Amino acid sequence: MSSALPVRASRHRGARALFTGRTGGVSTGDFTGLNLARHVGDDAECVEHNRQLVAEAVGAPLVFVDQVHSADVHVLPETGPVPVVTADALVTTRRDVALAIMVADCLPVLLSDPVSGTVAAAHAGRAGLLGGVLERTVVEMARFGARPEDVTVTVGPSICGQCYEVPEQMRDQAAELLPAVHAVTRWGTPALDLRAGAVAVLTEAGVPAAAIDAGAACTLEDEEYFSYRRAARTGRFAGVIRRE
Ligand SMILES: [Zn+2]
């Protein structure tokens, strides 16, 4: 069944990186399709089945984290079982597991360095991005010898800067910390462009702009993706990366 799972692969040398969508899973109702989250009210057996489909597609068991919009980065143990911890990013050089970050509007950010063989996955919503989760992920990758100039990044499907409407005060406070997030919706109201913020933070950390792909679909506009803004009761899709 893995070949039937439509996933958007992205180009990372030395790693297999992909983003899932709604198509291909067994969940129904509000979670129709490939919901990967247990905490949203979906049937547990459906979620397990869906997770197994993704694990087959990537060729390794998935490692998740309990995401809490923090800037905490978890470095996996070098061998053995991987406990589920509370964090918002994962880093490893292991080949026997795949790192998974679940989202429904937030940014799923996949990073890899083919030189050191380091891969990482990060969850960057407004709080995590402003809190420094991406900078800290790059720093943790460097502990394995990954140099920022060798890192490739894909920012997956997420809410775009023309859709992510926020109160003006929130927009202005965020832009004070990270000017690149300042945006306006298509209909002229205050917004945040978290993708532009991610690109700014990563380039500031030394990742070449040309090595960052932030052109994915908008989750609010494209119904192939779960969007919390579109429906509060909904599933989660994932960004997944595995060292090859
Ligand atoms: Zn949009």
Peptide ranges 81-94, 179-192 listed from the most packed, as the mean C-beta count within 10 angstrom indicates: 81-94, 179-192
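At a threshold of 8 angstrom on Cα-Cα distance, excluding pairs fewer than six apart, so keeping six or more, what relative contact order does segment 1-123 reach in percent?
Values: 225 pairs, mean separation 24.8, N = 123.
That works out to 20 percent.
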Rounded to whole Hz, the Karplus (6.51, -1.76, 1.60) HN-Hα couplings of segment 8-16, x for glycine and proline: 8, 6, 10, 8, 10, 5, x, 8, 10
Given charges at beta-carbon only (K, R positive; D, E negative), |dipole| of segment 100-241 in Debye: 340
Å² of accessible area per residue within segment 2-243, as computed with a 1.4 Å probe and no ligands counted: 42
Fraction of antiparallel bridges per DSSP, the chain only, in percent to nearest 5: 80
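Ignoring any ligand, DNA or RNA, what whole percent of the accessible area of the chain comes from carbon and sulfur when the probe is 1.4 angstrom? Intermediate results must be reported in sequence, preceding the final value.
Working: 5150 of 10320 Å².
Accessible surface attributable to carbon and sulfur in the chain totals 50 percent.
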Loop-resident sites, segment 4-87, for trypsin sites (Lys or Arg not before Pro), counting at most 11 other Cβ within 10 Å (DSSP): Arg13
Segment 76-141 shape via C-alpha gyration tensor axes, a/c threshold 1.5: prolate
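So how strong a dipole does the chain carry about its Cα centre when Lys and Arg Cβ are +1 and Asp and Glu Cβ are -1, to the nearest 20 debye? Don't jump to the answer; show the numbers that get you there.
On the way: 22 positive and 29 negative charges, 80 e Å.
Computed about the Cα centre, the dipole is about 380 debye.
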Whole-number percent relative contact order across the chain, with pairs defined as alpha carbons under 8 Å at least 6 apart: 24
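Nearest-5 percent of antiparallel DSSP beta bridges in segment 56-153? Can you show the working numbers first?
On the way: 13 of 19 bridges.
Expressed as a percentage, antiparallel bridges in segment 56-153 total about 70.
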Computed over the chain, the ratio Rg/Rh where both radii use C-alpha atoms and Rh is Kirkwood: 0.95
Three-way shape label, segment 88-205, alpha-carbon gyration tensor, a/c 1.5: prolate
Cysteines not pairable in the chain (beta carbon separation under 4.7 Å absent): Cys46, Cys106, Cys163
Whole-number percent relative contact order across segment 25-86, with pairs defined as alpha carbons under 8 Å at least 6 apart: 23
GluC sites (Glu not before Pro) within segment 28-134, DSSP loop, no more than 15 other Cβ atoms inside 10 Å: Glu78
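The values are calculated or read from the model by the stated rules, or taken from the named source; none is laboratory data. A quick note: this is a predicted structure, and the numbers were derived from the prediction, not measured. Don't worry about glycine lacking a Cβ; one is built from the backbone with ideal geometry, like all the others, and counts go over all protein chains shown. The protein model used for the area step is the full one, side chains on, heavy atoms only, and it has no ligands, DNA or RNA in it. Shrake-Rupley method; radii C 1.70, N 1.55, O 1.52, S 1.80 Å.
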